[in-house]
């Protein structure tokens, strides 16, 4: 009986996930790797025309994102930062120096569902991108290595 209920719940969850993803597939974006973007972050020569955010904590960032000014991230895991600030230099340096184990830090363009560039990405993690075309809110899905424990040797990372 419990096994039947569990199977049913799993089937319902899968159906809901498929329905939600089918409804939002038109708003999916993606990353396109770019050595140019990687160099811009590595040398701190990023575009002043973007708004920037970093993922997770200032002492343990996992990604830095720059978006065209009309776009934004509204997620508590992301913190907005000014590109000319010391905090920006710090988080870019940590993302570069301490990639997720088994990965390397890379730069990429963030593209919307039409393939148009809306921003830049710098991280050792890949990401799922979706964009609300009305509100211009960008949703970024990544792994959560800070939840696993053991982390890497960046000092502050768990």
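Overview of values
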{"item": "Chain lengthening between residue 103 and residue 75 when straightened (0.36 nm per residue, less Cα-Cα)", "result": "7.6 nm"}
{"item": "Pairwise label distance in nanometres, residue 49 with residue 137, each label 7 Å out on the Cα-Cβ vector", "result": "2.7 nm"}
{"item": "Highest-first arrangement of 103-109, 118-124, 81-87, where packing means the average Cβ count within 10 Å", "result": "118-124, 103-109, 81-87"}
{"item": "Length-normalised contact order of segment 29-148 in % [C-alpha pairs under 8 Å, at least 6 apart]", "result": "33 percent"}
{"item": "Listed peptides 67-74, 51-58 by packing density, highest first (mean Cβ within 10 Å)", "result": "51-58, 67-74"}
{"item": "Residue 39/residue 85 FRET efficiency (R0 25 Å; Cβ-Cβ; nearest 0.05)", "result": "0.75"}
{"item": "Antiparallel %, DSSP beta bridges [both residues in segment 29-148], to 5", "result": "95 percent"}
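Coordinate-derived values only; no laboratory data. No experiment lies behind these values; they were computed from the predicted model shown. Every residue, glycine among them, receives a Cβ derived from its backbone with ideal geometry; neighbour counts consider all protein chains shown.
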